[in-house]
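Accompanying notes for the structure given below.
Derivation of every value follows stated rules applied to the coordinates shown; laboratory data play no part. Note that the structure is a prediction, hence the values are computed from the model and not measured. Please note: Cβ atoms are built from the backbone with ideal geometry, for glycine as well, and neighbour counts cover all protein chains shown.
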Ligand code: ADP
Ligand code: ZN
């Protein structure tokens, strides 16, 4: 008799053991989906270990194995195992993150009659019962009707093809549905006819021509959500007889209608060198492609992916946020066409399962997507590319709290694949890891030797300011630069960081912001009770009346929002066409596309927004980038504030002057001497990294040591604080007992002290990676609790 261990999508640290019936033995392999009984229900789980020992108690039997081949490949099982151990997550929850939802979990098994027959015994009764039910029914209903278990019989009948089993909801690929398609009708209009018919109807004409450009037809949803044509407009065009409504099978991949961008041409000499250098690396090794903004990293990725495909292998391209990178997706599709599966959050469960199957069967060879695409079941994986590897969005914000870049490294090792991390502003973590396993490859200049834009730091303490701007810091220098750019008919990007959720104290005269003496992060100002507080160690101090540096009066800085900025811009530049991009304006699925599209078509002169506008976009007509208040990012209560600010400044500056006309950047700040800003202004990435490694030494932060953050949250603040204190005590005791070199900071209220009604306190652990690993493994299985939840975050990218 043989036994296997089966992981279920439940918060369990130990998989369950099941007995394998003889008849199923050949298909019960590690990684296979199996239907098993769990507390009077049936569930689909994943076999994680074959040949397990017989358990002490009697083990239940596996009921069915729905797939001919394991759903999870061996390297992916190994990757899951690493994630579970490293991040302290239950194995079943890790595997759940790997599979499209609906492929496992609580289930119903359906039996379908394929070949009716006259035989005796239970098998015959089952066939008869199915025939009487119109050909199908659930296993549970059959067992009730026949008053005995039917799994065994069903399994045998399915082997000889008399019946077929299907698992629901796991296998419900959403049924094909139809949708409205708007198609042009009649002969194309001549230019003259257009002038006539659309005389006072420019939007009608735009709609007509959009359809024309798309080859004559587009889904109604695409016209409305992506291109912004109203339903009324579409109906009017149909009523005028110029278009008609047709039904067609739903376009399941919304990116399919996005135009594919052809490759930009042959690689330049620099690109060629990078491609050859990375191509020469052995399998299981990696490279950091360190290329300045606009150096053409995408073409290098595409060429490396092409080489992998030519060798008969597959590829994964990870991007930080798929909605923010339509251009990258278009480029990949432009080269690899329908070999590409685009995995994005807009997919329905059915679409996701479809894409998963196509990849698993090898019918698609390239997966593109955000962090969870690192689990894409690409067959014979040859390369994983992580674009913009420094982006914090690669860290999963919920259990399992993996970092996709780290997972990519582990998976690449297990698959014998190559790993390519790309960035213009590599993270300190990656930079610190360069060595024989991770080679640095540079793209030192922009394509066609286009210069990087000059960056001017405008000192808000001394520069002439425009008055009456309702709290928006506004220098004459920035105002002038915008006016000149608009006059020339060029485009402007204006960055205003997310409004500070934490206020800090800043001296208007010298720009000084008081830090915690122990943690060297900015102190946060609280009103009730009034004081300044460190969110790492809970150091308190009274709010001073004058600056400790220069004796000048100090003021609390909170920052203004993008809406105030929009109002100010409309006042100062009434003729400019404005667009705003932030979380408020990009709520709907395609609004980001729409705004970028309007920029590309030059329907917008000034795009203002939060961090979102700094990322990966390629708009050649932008010649001015303005940063309204760099200090907001610089003084987040986070030890990575300087690194983030540097990356943000460099990335946003990288949006200027990508086309033929040169660009410039204006950054407003009260700390023009801060190393993050000075280095960003000098486009000096290596200089910044060298500075920053030193500032992280005392007190020590990564990459000099490792962190884990424990966040307690609950509805009752006192209970949360008590639990956090108990956790801190437990960690101190563990460290003492095992003589671990562990620093426990806090408990302290988290900078975001309350989220969705839950109070949040945290305890921050510092130590070597080994020490943190030991603590995580000991602690993880003990974190249950009803009233107060504890989240364990190893290698946190955000301590908010
Ligand atoms: P990065 O990601 O490094 O910032 P991109 O890959 O977006 O840069 O490339 C910047 C611009 O240069 C894009 O508009 C791209 O089409 C263009 N480009 C890249 N490689 C070449 C090439 N070999 N020849 C011509 N144009 C190129
Ligand atoms: Zn502190």
Using alpha carbon centroids, what distance separates the range 354-399 and the range 145-169, in Å?
-> 35 Å
Please arrange 756, 297 by counting, for each residue, the other beta carbons lying within 10 Å of its beta carbon, fewest first.
-> 756, 297
Taking the Cβ-Cβ separation of residue 480 and residue 722 as r and a Förster radius of 51 Å, what is the calculated FRET efficiency to the nearest 0.05?
-> 0.35
In the chain, what percentage of the DSSP-assigned beta bridges are antiparallel, given to the nearest 5?
-> 60 percent
Relative to the first principal axis of the alpha-carbon coordinates of the chain, what is the inclination of helix 326-336, with its axis defined by its Cα atoms, in degrees from 0 to 90 and to the nearest 10?
-> 50 degrees
What is the packing order of peptides 450-458, 648-656, taking the mean over residues of other C-beta atoms within 10 Å and listing the highest first?
-> 648-656, 450-458
What value does the range 636-753 have for Rg/Rh, both radii from Cα atoms and Rh as Kirkwood defines it?
-> 1.14
If you find the alpha carbon centre of the range 521-579 and of the range 427-504, how far apart are they in angstrom?
-> 20 Å
Please give the contour-minus-distance gain from residue 58 to residue 145: 0.36 nm per residue of separation, less the Cα-Cα distance, rounded to one decimal in nm.
-> 28.6 nm
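What ratio of Cα Rg to 2.2 N^0.38 Å holds for the chain?
Here the answer is 1.06, to two decimals.
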Subtract the Cα-Cα distance of residue 548 and residue 739 from 0.36 nm times their separation in residues, and report this length gain in nm to one decimal.
-> 64.8 nm
Where does helix 74-87 land angle-wise versus the long Cα axis of the chain, in degrees 0 to 90, nearest 10?
-> 60 degrees
Relative contact order of the range 280-420: what whole-number percent is it, with Cα pairs under 8 angstrom and at least 6 residues apart?
-> 34 percent
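Tell me the Kirkwood radius of the range 428-578: reciprocal of the mean inverse pair distance over distinct alpha-carbon atoms, in Å.
Radius from the Kirkwood sum: 19.4 Å.
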Peptides 75-81, 194-200 ordered by average Cβ neighbours within 10 Å, highest first = 75-81, 194-200
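Sort 129, 474 by Cβ crowding within 10 Å, fewest neighbours at the top. Can you show the working numbers first?
Numbers: 129 17, 474 23.
Ordered from fewest to most neighbouring Cβ atoms within 10 Å, 129, 474 come out as 129, 474.
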Label residue 194 and residue 166 with points 7 Å out from Cα along Cα→Cβ: what is the distance between them in nm?
-> 4.8 nm
Report Rg/Rh for the range 1-89, rounded to two decimals, where Rg is the Cα radius of gyration and Rh the Kirkwood radius.
-> 0.94
Enter the angle in degrees (range 0 to 90, nearest 10) between the Cα long axis of helix 685-695 and the first principal axis of the Cα atoms of the chain, meaning the one along which they spread out most.
-> 90 degrees
Counting only C-alpha contacts under 8 Å and six or more residues apart, can you give the relative contact order of the chain as a whole percent?
-> 10 percent
Calculated FRET efficiency, residue 240 and residue 661, Cβ-Cβ r, R0 35 Å, to nearest 0.05?
-> 0.25
Taking Cα centroids, how far is the range 6-78 from the range 193-229 in Å?
-> 54 Å
Give the Rg (one decimal place) followed by the Dmax (whole number) of the range 31-141, computed from C-alpha coordinates and expressed in Å.
-> 17.6, 56
Please give the calculated 222 nm ellipticity per residue for the chain, where each DSSP H segment of at least 4 residues contributes -39500 (n - 2.57) and the sum is spread over every residue; nearest 500 deg cm²/dmol?
-> -9000 deg cm²/dmol
Can you pull the Rg over Rh of the range 302-406, Cα-only, Kirkwood?
-> 0.94
Residue 601/residue 439 FRET efficiency (R0 45 Å; Cβ-Cβ; nearest 0.05) | 0.65
Between the modelled labels at residue 158 and residue 280 (7 Å from Cα along Cα→Cβ) the distance in nm is 5.4 nm
Footprinting exposure proxy for 752, 305, 521 (fewest neighbouring C-beta atoms within 10 Å first) = 752, 521, 305
